[in-house]
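The values are calculated or read from the model by the stated rules, or taken from the named source; none is laboratory data. Here the structure is a predicted model, which is why all the values come from computation and not from measurement. Heads up, the Cβs are rebuilt from the backbone with ideal geometry, glycines too, and the neighbour counts pull from every protein chain shown. Just the protein is used for accessible areas: all its heavy atoms, side chains included, with ligands, DNA and RNA removed. Shrake-Rupley method; radii C 1.70, N 1.55, O 1.52, S 1.80 Å.
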Amino acid sequence: MTGRAALTPARVVATALLVVDGGGPAALTLTAVAGRAGVAVPSLYKHVPGGLPDLRALVRRQVRAELTAVLRRSVRGLGGDDAVAALLGSYRAYALGHPHRYAVLTAAEEAVDRAAPAEGEPDVFAAALAGHGLAGEELLHAARCLRAVAHGFASLETTGGFGPAVDAGATHARLTTLLSWGLRPSQAFLTGSRAWVAA
């Protein structure tokens, strides 16, 4: 991409992602993107009329789409505990493989446009639970738990929140097993949970 004629909305976002890859979310500025694209800053406004806030929103949308595609592929053809393990593993792998892109999803602005996901974005968390016999509100609660575990673990690990003392991979494996067990709609589990709460 060496000139204004080559600039398109998709290339602006792709260039912005390269800037993020190199320096993290804080490095994303119109000046940095324009410089990498070989154009003047005003040329970007044709594609991001709202300036930097619009560009950041487009980048977040693209990162969410990338992650969703990774998760969708990971659970294809799987069910039950295998699907949950595959989703959690691929989520962690994406975050570790693209820590700066993943950090975009933890930025304060993410809450602003989270309610308007990319068109056709699948509910991969619910899809991963298809073999657990859940429906309605129980499926929603379970999908939220699954997303919270995936996002929470990735956020802590990519920011060094666990420290180096114990292998985080081993922790992740235990958490995956624990979550898979907890997601089973077993009456014995539900009864045991009530007894534990009562105690």
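Which pairs do you get when a residue that is at pLDDT below 85, found in the range 163-186, comes within reach of a residue that is open to solvent by 100 Å² or more (accessible area, probe 1.4 Å), reach meaning Cβ atoms under 7 angstrom, with the pair 6+ apart or on two chains?
Cβ pairs passing all conditions: P185/E138.
Does V19 satisfy being without any contact (Cβ under 8 Å) to a residue 60 or more places away in the chain, part of a helix (DSSP H, G or I), of a type outside the set (D, E, K, R) and touching a Lys or Arg at 6+ places or on another chain (Cβ under 7 Å)?
It is true that V19 is without any contact (Cβ under 8 Å) to a residue 60 or more places away in the chain, part of a helix (DSSP H, G or I), of a type outside the set (D, E, K, R) and touching a Lys or Arg at 6+ places or on another chain (Cβ under 7 Å).
Only residues that are assigned to a loop (DSSP other than H, G, I, E, B) and modelled with pLDDT of 80 or more: list them for the range 107-146, please.
Within the range 107-146, D123, A128, L129, G133, L134, A135 qualify.
Output the residues belonging to the range 24-42 that are open to solvent by less than 10 Å² (accessible area, probe 1.4 Å) and either in contact with a Leu (Cβ under 9 Å, 6 or more places away or on another chain) or part of a helix (DSSP H, G or I) (or both).
If the condition is that a residue be open to solvent by less than 10 Å² (accessible area, probe 1.4 Å) and either in contact with a Leu (Cβ under 9 Å, 6 or more places away or on another chain) or part of a helix (DSSP H, G or I) (or both), then L28, V33, A34, A37 are the ones that fit.
Kindly provide the set of residues from the range 49-66 that are in contact with a Phe, Trp or Tyr (Cβ under 8 Å, 6 or more places away or on another chain) and outside any helix (DSSP H, G or I), ordered by number.
Residue satisfying the conditions is G51 alone.
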